[in-house]
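The structure appears right after this line, and notes come after that.
The values are calculated or read from the model by the stated rules, or taken from the named source; none is laboratory data. Because the structure is a prediction, the values reported are computed rather than measured. Cβ coordinates were reconstructed from backbone atoms using ideal geometry, including for glycine residues, and neighbour counts include every protein chain displayed.
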Amino acid sequence: MTQVRVGQATDVGRRRQKNDDTALVDDRLFAVADGMGGYSGGEIASFTAIEALRAAFRRAPTADGLERGVTEANQAVAERASTDPDLSQMGTTLSAVAIVENGNDEVVVVAHVGDSRVYLLRDGELTQLTDDHTVPEEMKRAGQLTEAEAAVDPRRHMLTRVLGPRYENGPDMQTLIPYRGDRLVLCSDGLYGELTDNDIASVLRKTLDPNDAAARLVELANQAGGGDNITVVVVDVVDDDDRAAHASARLADDPPAAASRHGLMTADERNAQLRELSREDDRVAPSSWSDDDSPPAELDRARRLTARVVLFILAVLVVVGGAVGATAWYARASYFVGLDQGHVAIFKGRPGGVLIFDPTVVQTTDLTQAAVPAARASDVERGHEVASLGAARAYVENLRKDSLVVSSTTSTVPSTTPTSVAP
Ligand code: MG
């Protein structure tokens, strides 16, 4: 049975009068809701949603039960809003993580509406699992804004989807396989509004106790300004039924098959590829130089030049050659992980190439572009640069682990029309 240790912390921040966030830490269900709307609407909305979700999931602790729980949470908020004109505009975000049975195994299911976030820290690398349902982030996903533009867009607090009277779509749902050492983090925007993902990852890597980690993150967000309520729930997977150990053992017992499963070449396959490459070299080798007895015209002309001119040309060639060599070294000295015909591939070179030096494919994996986690998609599309082939393979492995999303459905309808504005 998957075992977890959980920590949580919440704070009103330094500028707000009250805390509209509500956190939930139940046996197998964890959630953060960030309410909004009127004097008391925010806290009522987030609390109402969390309580309805908790009750629904207790009745049906499954993935479907979690999704229905979000729907029931929305109904509860909408009904409460309809009873009081002062609460008519209230709404709330809701991001929830549940551990549910899946056949003989267990999976983590994430349900999400709004701009609170769920992160996963796995093997030291932080990934944002959820999409922010805000105007600039929806526009970024639709290709209408760059990441840099979205980050500073003044509409970044305008939400496109929240629970409440104007709720239209169901939650974004995704499922992933938990491994021992995974650290799931749920938070309201008061955390990432003050701290970068690198700041957050740094704390999560260094602070082992989940309560200490949550408290430290809230403390740092306050130190950075505390402009909004801050809520953090940290869920550590401390036992995964030896799922990770079994996966490693399979790799050790059956290296060729395991290598294929992970999109890597076996030694035999690599040798066959090298043999094929050497045959291609043989076909290319017979050139005009070896087959043609007469010297090239350029060389013939060069012989007519005076010794001084030849020396001058040689000097120029040395300088130019050095520059070309240095450029070639720069262009070819690194690797990157990018896309090759719809598949994740490892390239030698720089993304987009440098002058005449185009990158070359070292290895194409079986990981498709569609399977790349959304949070890494733009990084991979641009080409994620690393210093070595080993680092590239490690990055691909991390992508692969993060893409162990056994099912993923979203009902996002990109919209540029805000339905609610965060306080
Ligand atoms: Mg907030």
Among the candidates Ser95, Ser40, residue that is of a type in the set (S, T, N, Q), surrounded by 20 or more Cβ atoms within 10 Å (Cβ to Cβ) and closer than 27 Å to Gly225 by Cβ: Ser95
Test: Ala111 is out of contact with any Pro (no Cβ under 7 Å at 6 or more places or on another chain) and of a type outside the set (Lys, Arg): no
Filter result (modelled with pLDDT of 95 or more and assigned to a loop (DSSP other than H, G, I, E, B)) within segment 163-176: Pro171
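Quick check on segment 151-165. Is at least one of its residues of a type in the set (S, T, N, Q), over 23 Å from Asp240 (Cβ atoms) and within 16 Å of the ligand (Cβ to nearest atom)?
Yes, there is a match, as at least one residue in segment 151-165 is of a type in the set (S, T, N, Q), over 23 Å from Asp240 (Cβ atoms) and within 16 Å of the ligand (Cβ to nearest atom).
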Count - residues of segment 191-210 that are in contact with a helix residue (DSSP H, G or I) (Cβ under 6 Å, 6 or more places away or on another chain), within 16 Å of the ligand (Cβ to nearest atom) and either in contact (Cβ under 8 Å) with a residue 60 or more places away in the chain or of a type outside the set (Asp, Glu) (or both): 2
Unmet requirement for Pro154, which otherwise passes all of (1) under 21 Å from Thr127 (Cα atoms); (2) at pLDDT below 95: (1)
Breaking point among (1) away from the ligand (no atom under 16 Å from the Cβ); (2) exposed (fewer than 15 other Cβ atoms within 10 Å of the Cβ), for Gly225: (1)
Residue within segment 50-68 that is over 17 Å from Val97 (Cα atoms) and more than 12 Å from the ligand (Cβ to nearest atom) present: no
Close pairs (6 angstrom Cβ cut-off, 6 or more residues apart or separate chains): under 25 Å from Gly42 (Cβ atoms) in segment 165-178, assigned to a loop (DSSP other than H, G, I, E, B) anywhere: Arg166/Thr419; Asn169/Ser411; Gly170/Ser411; Asp172/Thr410
Subset of segment 375-385 [surrounded by fewer than 17 Cβ atoms within 10 Å (Cβ to Cβ) and either part of a loop (DSSP other than H, G, I, E, B) or in contact (Cβ under 8 Å) with a residue 40 or more places away in the chain (or both)]: Ser378, Glu381, Arg382
Yes/no for Thr62 being within 26 Å of Gly225 (Cβ to Cβ), within 27 Å of the chain's Cα centre (by Cα) and polar (S, T, N, Q): no
Segments classed as helices (runs of 4 or more DSSP H), wholly inside segment 35-147, with at least 1 members that are of a type in the set (S, T, N, Q) and within 30 Å of Val238 (Cβ to Cβ): 41-59
Every pair of residues 6+ apart whose Cβ atoms lie under 7 Å, when the first sits in segment 29-49 and is of a type in the set (D, E, K, R) while the second is in a helix (DSSP H, G or I): Asp34/Ser46; Asp34/Asp189
Tally of residues being farther than 21 Å from Ala151 by Cα and not in a helix (DSSP H, G or I) across segment 197-227: 3
Any hit, segment 91-108, residues being in contact (Cβ under 8 Å) with a residue 24 or more places away in the chain, more than 13 Å from the ligand (Cβ to nearest atom) and closer than 20 Å to Thr160 by Cα: yes
Hits in segment 128-143 (condition: touching a residue at least 12 places away in the same chain (Cβ under 8 Å) and surrounded by fewer than 18 Cβ atoms within 10 Å (Cβ to Cβ)): Arg141, Ala142
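Quick grid of which residues meet (1) within 18 Å of the chain's Cα centre (by Cα); (2) crowded, with 20+ Cβ neighbours inside 10 Å:
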site	(1), (2)
Gly170	no, no
Tyr179	yes, no
Asp182	yes, yes
Asp197	yes, no
Ala201	yes, no
Pro210	no, yes
Leu220	no, no
Ile230	no, yes
Asp236	no, yes
